[in-house]
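Contents: one structure, followed by commentary.
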């Protein structure tokens, strides 16, 4: 089934300051939307709005013609959001971090093989029983991205996922993005780095919607 | 239910790995109570009269020490966003966090309070009432504190601020608990005060998670 995710007339404000207005976007299954723009041009805020964490000051977001903010729990089921903050507890081991996330998001279904696999993809298996505070910042980012594997979400919202990643990590991420789009998923990503993926990529320049 | 247990287990693991926070509360409680006989003199009858009040006031103050941390670390590292982004109700997540707060601060205080009551020469008949009021009152503090903890997130003087917000709200708990303890010491019926404490616990277990969750949603907006 083809999914369509789009927003119309969006106004993005932060701290009372208007960052972008009359912003439109439209993306369908199998595609990737790249958010581009200067620092502070509202990319992260826009991603939070798309995730349903924030409300747009005006405008609406739709999933298959249904207003997203009307039924947020349903929207939360279909998204995985990886933000700036990694949401990783430094006192829990890597496995515990992922396991908790898995349990709270998809229930107690035992898919520990999936968990092992997600650690393996990002080359974290050897440190899986270490507390997360022992990780470097790049590894922490990888652990946050490993969560993408654990939930069958159709919409991925990634805020600067490439920051701090090494070449191997970046390659793993690109493989994940390719597979996700190939299986009919949607990726929306804010990034300053060049990410070469095989799926069709649309670019949204947030600078173009600056006020005035 | 399984998700709720997973949440509680994770929070308990975090407290266990960072056990200082819980110990500090307990030791503060013990030390604060111990200061009273030293400050007001060792007269057994005076201490007996004041014992209920002393224990309860110290319990309230020590509970304030750890309340501001209930959501702070989750707010700082982005876990709070992820908690909101589950289809699992945030209200239940908040309830779980308040429960863990009670289990790691209120419950130890409850356990040690009879020992401190002995030190303050509390009337033997009042021990049961002390434990009952603690059992009903301390969870209410954790629940109401959850609202305060959500309100002060991200502010600089969060520890002090939360006391200013929450302490006035929990005055009824103090009044009814101490009234019940004093009454049972004199052999008077305590059921009305105890029922009111129970009512407060039930009301706050319904409304506090809801209010705190609304505050958290608003805060991340």
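Laboratory data are not the source of any read-out in this text; all were calculated from the coordinates shown. Note that the coordinates shown come from a computational prediction; the quantities given were computed from them, not determined experimentally. Every residue, glycine among them, receives a Cβ derived from its backbone with ideal geometry; neighbour counts consider all protein chains shown.
With a Förster radius of 45 Å applied to the beta-carbon distance between residue A:123 and residue B:207, the computed FRET efficiency rounds to 0.40. With Cα atoms defining each centre, the stretch B:13-57 and the stretch A:43-77 are spaced 49 Å apart in the structure.
In this calculation the C-beta distance from residue B:135 to residue B:9 is compared with R0 = 22 Å, giving a FRET efficiency of 0.45. Once C-alpha pairs closer than 8 Å and six or more residues apart are averaged by separation and normalised to the residue number of the stretch B:2-220, the relative contact order reads 27 percent. By the beta-carbon count within 10 Å of each Cβ, the least crowded to most crowded order of A:162, B:133, fewest first, is A:162, B:133.
Ordering A:142, A:14 by the number of other Cβ atoms within 10 Å of each residue's own Cβ, fewest first, gives A:14, A:142. Comparing the stretch A:100-207 with the 2.2 N^0.38 Å rule of thumb, its C-alpha radius of gyration ratio is 1.10 (two decimals). Between residue A:113 and residue A:22, the contour length at 0.36 nm per residue exceeds the Cα-Cα span by 28.2 nm.
Dividing the mean sequence gap of close Cα pairs (under 8 Å, 6+ apart) by how many residues the stretch A:107-206 holds gives a relative contact order of 26 percent.
Using only Cα coordinates, the Kirkwood hydrodynamic radius of the stretch B:62-184 works out to 15.6 Å. Once label points are set 7 Å from the Cα along Cα→Cβ at both residue B:26 and residue A:64, what is their separation, rounded to one decimal in nm? Using points 7 Å along Cα→Cβ, the separation is 5.3 nm. Considering only DSSP beta bridges with both partners in the protein assembly as shown, what is the antiparallel share in %, to the nearest 5? Taking every DSSP beta bridge within the protein assembly as shown, about 45 percent pair in antiparallel fashion.
Its alpha carbons considered, the stretch B:147-210 gives a radius of gyration followed by a Dmax of 15.1, 48 Å. Ordering A:182, B:91 from the fewest to the most neighbouring beta carbons within 10 Å gives A:182, B:91. Calculation over all alpha carbon pairs of the protein assembly as shown in 10 angstrom steps from 0 returns a P(r) of 4, 19, 26, 21, 14, 9, 5, 2, 0 percent. Between residue A:199 and residue B:186, the C-beta separation translates, for a Förster distance of 60 Å, into a calculated FRET efficiency of about 0.15.
The average projected area of chain A, computed from the convex hull of its Cα atoms over all directions, is 11.7 nm². Over the protein assembly as shown, dividing the summed -39,500 (n - 2.57) contributions of all DSSP H runs of at least 4 residues by the number of residues returns a 222 nm mean residue ellipticity of -18500 deg cm²/dmol. Projection of the Cα convex hull of the stretch B:2-220, averaged over all directions and equal to a quarter of that hull's surface, yields 12.0 nm². Between 0 and 90 degrees, the angle of helix B:191-220 with respect to the longest Cα principal axis of chain B falls at about 30 degrees.
If you take the Cα centroid of the stretch B:153-221 and the Cα centroid of the stretch A:163-206, the two points sit 49 Å apart.
The equivalent ellipsoid that matches the C-alpha gyration tensor of the stretch B:18-132 spans semi-axes of 36, 14, 9 angstrom, in descending order.
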